[in-house]
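Data first, discussion second: the structure below is written as structure tokens.
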Amino acid sequence: MSDETRKLPTGFGRLWTAQTVSSLGDGVTHAALPLLALTLTRDPMALAVVTAAGTLPWLLFGVLGGALVDRWDRRRTMWVTDAARTALLATPAAAAALDALSIPLLAAVAFLLGLGGLFFDTAATAYLPDLLGRDPALLERANSRLRGAQTAASGFAGPPAGSALLALGRAVPLLADALSFLLSALLVRSLPALPRPVPEARASLLGQARAGASYVFRDRVLLGLALRPAVGNVAFLAVETVLALFAHDRLGIHAYGFGLLLTAEATGGLLGAGIASRLGRRLGTGTALTCTAAVEGLAILGLAAAPNPYVAALSLAACGAGMGATMVLGPSVRQTIVPARLMGRVASTSRMLAMCAAPLGAFLGGWLATAYDLRTPLYAAAALLLAMTAVTASMTSNRRVEAALQAAAQAAAPDIPAPGEPARRSAPDPV
């Protein structure tokens, strides 16, 4: 049976639905939070605090969170986290209804939502390859569908909905996101429980965390895959921090139009996720990753120079396409070549590098906008993205990626189950 005709297991459909519903709520909040913050302040640095707060949990707990996920039941981690985020959003919703919102409260909520995202995303990333039997072709198809749905929900449908719901009341978009987390928790709770890899004997939590981090830094392909989003997040958060203000003051775009601007980026992301597999087959995964990174940098350059909302929307669509393809190809390689026992820690280490860079980008964007003008953070972001493309091109070349995939296939061949069957337990490797 060919890779294109083999079916994904039933459990994947429930995971896909859960993440799509949750992503829709995230998109609502993604548009509503900066607009809520704008109703409280016009200070770019204050806006940067709210933006950066959501990324700080990765800086503080990223690698340790991955070690905990490798110890815990991954399905249970996901649904408990979503249930907790449902309860959390009741606080800002009540504050909004009582006209008691503040920048510190929004920052605190963003931080706690980010902490929940740390555990959920790491557990989901580690759960998926076991659900699919670590099959590279199925993983690429699954990641394409997950990324496409996430982009459509959080970027295409969510932001305009968030802007529209905000017009009904400041608490409404927050309650909508809470409902999405609740539905996601119920769906994830129904997923099949999979056995965890045998843990390392007598290993401390800190020792396990160090093992996961060192695994990333010793492998040039994994390090290259981690550096791309790390540098990218410095650039993207510098842009995101000032984007609402840039759209309002320089492009004349108001609340609903801002949601549509984010939708343009999501539309490109949906296209990029859909063509990622084709790009990988045509160019090779390594070359495809280099090309998509270059597209992102050139697109942000176009956004910085945009004279009107239409050019800005086209630029964001191109950037979204590059990001969408990258977020399918990169994780698929990582999930294939990393041993199951290390998946949570490697995933969290890679994500931590990316998320730890984000606060730097947020504050850089706020400072550059304050010291110079609103276009300066965008030009700086484009320069960073193009420099990152040049530096990491050789680390994730076609030759290196193919060698890593072949080595992983040879190591795992005796233990790969049929797709949809639980991954077999294996004896722990020394770390």
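The values are calculated or read from the model by the stated rules, or taken from the named source; none is laboratory data. Only a predicted model underlies this, so the values are computations on that prediction, with no experimental measurement involved. As a convention, Cβ positions derive from the backbone with ideal geometry for all residues, glycine included, and neighbour counts pool all protein chains shown. Note: areas computed on protein heavy atoms with side chains; ligands, DNA, RNA excluded. Shrake-Rupley method; radii C 1.70, N 1.55, O 1.52, S 1.80 Å.
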Carbon and sulfur %, accessible surface of the range 5-157 computed with the full protein complex present, 1.4 Å: 67 percent
Under 13 Å, Cβ to Cβ, from SER22 - net charge with Lys/Arg +1 and Asp/Glu -1: -2
Positive dipole terminus of the range 276-416, leading residue within GLN406, THR290, ALA318 (C-beta point charges): GLN406
Magnitude of the charge dipole, the range 220-287, Cβ model with Lys/Arg +1 and Asp/Glu -1, debye to 20: 480 debye
Angstrom value of the Kirkwood radius, inverse mean 1/r, which spans all Cα pairs in the range 1-94: 16.6 Å
Accessible-area order (highest first, 1.4 angstrom probe) of the listed residues SER315, SER214: SER214, SER315
At 0.890 mPa s and 25 °C, Stokes D of the range 311-413 from Kirkwood alpha-carbon radius, µm² per second: 150 µm²/s
Accessible area per residue in Å² at 1.4 Å probe, computed on the range 127-256: 39 Å²
Within a Gaussian network of the chain (alpha carbon springs, distance under 10 Å), most fluctuating of SER102, SER348, SER144: SER102
Around ALA404: net Lys/Arg minus Asp/Glu count, Cβ-Cβ under 13 Å: +3
Mean Cα-pair separation over length for the chain, i.e. relative contact order, pairs under 8 Å, 6 or more apart, %: 29 percent
Size of charge dipole - the range 51-99 - debye, nearest 20, with Cβ of Lys, Arg +1 and Asp, Glu -1, no other charges: 220 debye
Size-normalised alpha-carbon gyration radius of the chain, reference 2.2 N^0.38 Å: 0.94
Given charges at beta-carbon only (K, R positive; D, E negative), |dipole| of the chain in Debye: 960 debye
Gained length - ARG278 relative to ALA90, 0.36 nm times residue gap less alpha-carbon distance: 63.4 nm
Extreme residue, positive dipole direction of the range 1-95, given options LEU8, SER23, THR41 (C-beta unit charges): LEU8
Net charge, ALA178 excluded, C-beta distance under 15 Å - Lys, Arg +1, Asp, Glu -1: -1
Cα gyration tensor of the range 129-275 - equivalent ellipsoid semi-axes, whole Å, descending: 35, 22, 17
Options ASN308, LEU206, ALA90, ranked by Cα towards positive dipole end of the chain, top entry (Cβ charges): LEU206
Reference-scaled alpha-carbon Rg (2.2 N^0.38 Å with N residues) for the range 278-352: 1.36
Under Karplus coefficients 6.51, -1.76 and 1.60, residue-wise ³J(HN,Hα) of the range 119-134 in Hz, glycine/proline x: 6, 5, 5, 5, 5, 5, 5, 6, 6, 4, x, 5, 4, 9, x, 6
Accessible-area composition of the range 328-416, carbon plus sulfur, in percent [1.4 Å probe]: 66 percent
Candidates ALA390, ALA362, ALA153: whichever shows maximal mean-square fluctuation once the chain is modelled as a Gaussian network with Cα springs under 10 Å: ALA390
